[in-house]
Each structure stands twice: as C-alpha cells, then as structure tokens.
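This structure is in structure tokens; I'll ask about it shortly.
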Amino acid sequence: MKGKFLVFEGIDGSGKRTLCNYSKKILEDLWYQVKKYEYPDYKSPWGKIITDFLSGSRELDVSVQFLTYAADIVKDQEEIKEYLESYFIVADRYITSTVAFQCARGFDLEKALQFVHLFEIIPPDVIFYMNVSPEIGKARKKGQKGGLDRHEADMEFLEKVNSMYRELR
C-alpha cells in the first residue's frame with residue numbers, strides 16, 4: 001500500500017495541531033501506520049534558531065527566515081519519501097506555511113516557489129487549510145500559552161498571512 005500525505009495549514013491558533021492529532025488517531029484506529037511531522041521542528045538546529053527569532057531574542061532578515069524555515073522541512077524530505085511507501089503522513093504545517101509566512105513578511109513569492117521547485121519538495125496529497133480570523137487565533141494561543149510570540153501577537157501580520165494562504169490555493 002502506498003501512503004498518503006496530509007497537511008494541516010493555517011495561522012497560529014487555527015486548530016491545525018488538534019485536527020492533525022485527531023486525523024492521526026482516526027487513521028491509526030483504522031489500522032494504518034501513521035507518521036506525524038510538526039513544523040517548525042523545535043528540536044532541530046533550525047528549530048532552535050526559529051525559537052530565538054519568534055521569542056524576539058534574535059533578529060533575522062526575511063531571506064534568512066525563509067531559508068531557516070525551509071531548511072527545517074528539507075531535512076526531512078528523504079525520510080518522508082521513504083515513509084510514503086507504506087505510511088500515512090500527517091503534518092502540522094509544511095512548506096506552504098513557510099511560503100505564506102515569509103512572503104507576508106516581504107520575501108518574494110516567485111523566489112519562494114522557485115525554491116520549492118529547485119529542492120523538489122514533496123507535494124502533499126491534500127492540504128487542509130484552517131481559515132480563522134487573527135482575533136480568534138490570538139485568543140486561542142493566549143489561552144493555551146499565556147504569552148504570545150512575535151507572529152501570534154501581530155494581528156496585521158496574521159491578516160497578511162491569511163491573505164497569502166488564500167493566494168496560494
């Protein structure tokens with residue numbers, strides 16, 4: 001059996017993690033083998049840089065932001081390819097988030113799409129986009145964590161990200 005690749009996308013607080021976990025459980029209950037990915041992968045070297053950036057303790061040029069988030073995904077491409085031979089893969093964010101978030105910050109969309117093509121990023125079979133307002137996303141994240149990172153707190157930015165997701169459909 002060949003697997004399928006399901007990705008859950010949206011701004012912070014849109015319900016991606018909840019639906020990703022729920023989908024994983026449903027598939028496992030149906031006796032499918034499932035592998036889950038979350039991006040950013042905060043345990044990776046790139047994830048640590050991203051953590052510093054989101055917390056405000058490190059500044060990154062938008063090009064470096066794009067490359068850092070994208071490298072975090074590129075590192076898993078061979079593994080994902082292997083798992084797709086017999087596993088369902090569910091991902092809480094993927095390359096679409098990198099494109100949407102960094103292009104909302106000013107990274108060139110054409111360059112982002114060229115990167116995806118150049119590095120042969122494995123395309124998902126299905127992308128589920130959770131469209132929620134920045135107000136709802138912010139309230140959910142604040143309720144979950146108490147504080148907010150630089151993306152979660154910036155309502156204008158989150159609206160730009162939502163617009164980018166709509167443009168990418």
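The values are calculated or read from the model by the stated rules, or taken from the named source; none is laboratory data. Treat the numbers as computed from the prediction; the structure is a model and nothing was measured. For neighbour counting, all protein chains shown are included, and Cβ atoms are generated from backbone atoms with ideal geometry for every residue, glycine included. For the accessible areas, the whole protein counts, side chains as well, though only heavy atoms, and no ligand, DNA or RNA atoms are used. Shrake-Rupley method; radii C 1.70, N 1.55, O 1.52, S 1.80 Å.
Quick one: Debye curve from the alpha-carbon atoms of the chain only, equal weights, vacuum; give me log10 I(q)/I(0) at q = 0.16 Å⁻¹ to two decimals.
So the normalised log intensities work out to -0.96.
Continuing with the same structure: What FRET efficiency comes out for the pair N131/N21, r = Cβ-Cβ distance, R0 = 25 Å, nearest 0.05? Spell out each step's value before the answer.
Details: r = 19 Å, r/R0 = 0.78.
With a Förster radius of 25 Å, E is 0.80.
Could I have the simple spin-label model distance between V74 and E167, label points 7 Å from Cα toward Cβ, reported in nm to one decimal?
Going from the V74 label point to the E167 one covers 2.3 nm.
Highest first, please rank the peptides 70-80, 12-22, 142-152 by the mean number of other Cβ atoms sitting within 10 Å of their residues.
The most tightly packed comes first, giving 12-22, 70-80, 142-152.
Now, a different point. Before I look further, what does the chain give for accessible area per residue, probe 1.4 Å, in whole square angstrom?
53 Å²
Continuing with this model, one more query. Through the Karplus equation 6.51 cos²θ - 1.76 cosθ + 1.60, θ set to phi - 60°, convert the phi angles of segment 153-169 into ³J(HN,Hα) values in whole Hz; use x for Gly and Pro.
Taking θ as phi minus 60°, the curve returns 8, 9, 4, 4, 4, 4, 5, 5, 5, 4, 5, 5, 4, 5, 5, 7, 4 Hz for segment 153-169.
Here's something else I'd like to know. Could you tally the net charge around G146, taking each other residue with its Cβ under 15 Å from the Cβ of G146, Lys/Arg +1 and Asp/Glu -1?
Combined, the nearby Lys, Arg, Asp and Glu give +2.
Can you order the peptides 111-121, 93-103 by their average number of other Cβ atoms within 10 Å per residue, highest first?
93-103, 111-121
Provide I136, I89 ordered by accessible surface of protein heavy atoms (probe 1.4 Å), highest first.
Heavy-atom accessible area, descending, gives I136, I89.
Right, here's the next one. By how many nm would the segment from K36 to T51 grow when fully extended, if each residue of separation counts as 0.36 nm and the alpha-carbon distance is taken off? Show your work: numbers first, answer last.
Working: separation 15, 0.36 × 15 = 5.40 nm, distance 2.03 nm.
Extending this stretch completely gives an extra 3.4 nm.
From the backbone phi of segment 41-47, what are the Karplus-calculated ³J(HN,Hα) couplings (6.51 cos²θ - 1.76 cosθ + 1.60, θ = phi - 60°) in whole Hz, Gly and Pro given as x?
Listing the rounded values in order: 8, 5, 8, 7, x, 5, x Hz.
Using a Förster distance of 25 angstrom, determine the FRET efficiency expected from the C-beta separation of Q114 and E59, and round it to 0.05. Please list the in-between numbers first.
On the way: r = 25 Å, r/R0 = 1.01.
According to the calculation, E is roughly 0.50.
Heavy atoms only, probe 1.4 Å: what % of the accessible area of the chain goes to carbon and sulfur, would you let me know?
Whole-percent figure for carbon plus sulfur exposure: 54.
Another question about this same structure. Below 8 Å, C-alpha to C-alpha, sequence gap of six or more: please give me the relative contact order for segment 1-93 in percent.
Averaging sequence separation for qualifying contacts and normalising by length gives 55 percent for segment 1-93.
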